Every structure is written in C-alpha cells, then in structure tokens.
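Notes follow the structure.
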Amino acid sequence: MIITIHQPQYLPWLGYFDKARQADVFILLDNVQFKKNEWQNRNRIRTAQGWQWLTVPVYHEFGERINEVKIDNKTPWRRHHQKAIELNYGKAPYFEEYFPHFQKAWDREWEKLSDINIYFVRMIVEILGIKTKIVLSSEYEAAEHKTMRLVDLCKSFDADTYLSGEGGMAYLDEGQFKSNDIKIFIQQYQHPAYAQRWMHKNTEGFISHLSVIDLIFNCGPESLAVLAGLERKNNQ
C-alpha cells in the first residue's frame, strides 16, 4: 500500500498529480498551517508574454489551518480567473472540451479556500483518469509533529510505503518511518515538454511547472500519458 500526502493546492502542477498517480491513497493535508503566497492559493498559467499568476484572495490570520482560511469574495477573482483562462487558452486544441468543467467551479461562490482546492483536485484527477483514492487528513487522528503526523496517516491505511516529494528528506525523520516498517520512496519527477499554446510566439519557448490546466487544454485525452512520461518512452 503506497500513500502520498500533500496540502490541497490551487490548480496544481503536473508533479502533484504524478504523485497521486503513483499512490494507492492520496491524503490531502488540509489541517496544517496555511502558508500565504506559496501554492495553496495561487498558480501559474501560460500567456503570450510568458506566464502569469492566478491568485485566490484570502483572509487569514497567522497560525490558521488550511481548512480554516476564508476566501475574500469582495473581489471578482472568479470572473478574473475565467477571463484569463479564456483569453490565453481559448484557441488551445482541447479548450472547448474541458473548460466547462472548470467554469462550473468558478460559477459557484466558495467560502473556504480548501473547499475549492479539494474540488479542483478531485475533478482534475477524474479528468486525467487517475484511479487513486483521495481522502482528507482532517478525517483521521494524527500527531502534530511533522514526521509523526505522516507516519500516523500512513498507519491509518496499513501502508508499507510513503511516497514523498523531492524536498521531503529535508524535514522527514527517516528513523520514525523505519521503526514503523514504512519505506520512504522519493519522487524524482522529470517534467515533460509538449506542444504548448504561445510557445512559438515567445522567445521563452516551452515553460514548465505551470498549472496542470495548461497540459489539459493543450493535450486533452493524452494528458495523463504526457504527465507520466509514457508518451516520451513510447516514442523512443
């Protein structure tokens, strides 16, 4: 049983969903401290000039957990995000097919940041065809300590393997995993290049580490194969 764990992010990048793809259970860590201006309330899209942020405005106080953070709906951020997507991806090959899924979310008014993030993660997993089970950490008992929280969550599913992101070893206590008979596997994601909107009209060429929506609008039903590197392997 492989478990991977990550905070719910806003329209995450490809590597986030590659972790989900490789696990049996993906635990969304929704009850840890919120960090503003990282990836929990914003992400990047491709534009004719390069890239731009899509940011969800939030109210928050220091120490608040992700699932406590409220969205500032006094600003028309949902309309701005829709318009930015339409402007920059309206002529992408698969825009018409997939945009209605995202529009449905932006047509709703959300109170909590975690709610829209979780909604999008579940929706994108379904679009990509990933079969991994998704649960919330707030639904399970776990320690507050960084490493023991992860260990406890893994034990909730009798997991024998924890799939960590590349930066995980900077803060994980390997001994705690070892003493609980849980192996650690480090994701080493190689970002693929693909035919991207605007890449031939901009000196930057292909831009990596954007929101996964860039991949979906450009590659459609082949998105999972591209994300997983399977297309590259098949063409070698």
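For the range 112-236, what is the accessible area per residue in Å², given a 1.4 Å probe and the full set of protein chains?
Computed with neighbouring chains in place, this is 52 Å² per residue.
Among GLY50, VAL121, LEU150, pick out the residue whose Cα is farthest towards the positive end of the charge dipole of the chain, where Lys and Arg carry +1 and Asp and Glu carry -1 on C-beta, about the Cα centre.
Farthest towards the positive end: GLY50.
Modelling each spin label as a point 7 Å along the Cα-to-Cβ direction, I'd like the ASP115/GLU97 distance in nm, to one decimal.
Result: 3.2 nm between the two label points.
Report the semi-axes of the equivalent ellipsoid for the chain in whole Å, largest first, where each axis is √(5λ) for an eigenvalue λ of the Cα gyration tensor.
30, 23, 15
So, with a 1.4 angstrom probe, what is the percent of accessible area on the range 94-163 that is carbon and sulfur?
43
Between TRP53 and LYS83, how many nm apart are label points set 7 Å from Cα along the C-beta direction?
1.9
Write down the radius of gyration of the range 140-205 and its Dmax, each obtained from C-alpha positions, in Å.
18.0, 54
Highest mean first, what order results for 41-47, 190-196, 160-166 on Cβ atoms within 10 Å?
Peptide ranking by packing, descending: 41-47, 160-166, 190-196.
Ordered by packing density, taken as the mean number of other Cβ atoms within 10 Å over each peptide's residues, highest first, how do 16-22, 223-229 rank? Intermediate results must be reported in sequence, preceding the final value.
Working: 16-22: 21.9, 223-229: 20.3.
Descending packing order for the listed peptides: 16-22, 223-229.
Which whole-number percent gives the relative contact order of the chain, counting Cα pairs below 8 Å spaced six or more residues apart?
Values: 380 pairs, mean separation 67.1, N = 236.
Relative contact order, the chain: 28 percent.
Using the basic label-point model (7 angstrom from Cα toward the beta carbon), what is the ILE186 to ASP173 distance in nanometres?
2.0
At 0.36 nm per residue, and after removing the present C-alpha to C-alpha distance, how many nm does the segment from ASP107 to ALA195 gain when stretched out fully?
That works out to 28.8 nm of additional length.
How big is the dipole moment of the chain about its Cα centre under a simple scheme where the beta carbon of each Lys and Arg is +1, that of each Asp and Glu is -1, and everything else is neutral? Debye, nearest 20, please. Display every interim value, and only then the final one.
Values: 29 positive and 30 negative charges, 157 e Å.
Computed about the Cα centre, the dipole is about 760 debye.
Would you mind getting me the FRET efficiency between LYS133 and ARG65? Use the beta-carbon distance for r and R0 = 25 Å, nearest 0.05. Show your work: numbers first, answer last.
Working: r = 23 Å, r/R0 = 0.90.
The pair LYS133/ARG65 has a calculated efficiency of 0.65.
Over the alpha carbons of the range 106-148, what is the largest minus smallest coordinate on each principal axis, giving the biggest first in Å?
Each principal axis gives a Cα extent; for the range 106-148 these are 37, 28, 15 Å.
Please enumerate, by chain and number, the lysines with C-alpha under 27 Å from the C-alpha of LYS146, excluding those fewer than 8 residues away in the same chain.
Cross-link targets: LYS19, LYS35, LYS36, LYS70, LYS112, LYS133, LYS155, LYS178, LYS183.
The values are calculated or read from the model by the stated rules, or taken from the named source; none is laboratory data. The structure presented is a predicted model; accordingly, all values stated were derived computationally and were not measured. With ideal geometry, Cβ positions are generated from the backbone for all residues, glycine too; neighbour counts draw on all protein chains shown. Just so you know, the surface numbers come from the protein's heavy atoms only, side chains and all, with ligands and any DNA or RNA stripped out. Shrake-Rupley method; radii C 1.70, N 1.55, O 1.52, S 1.80 Å.
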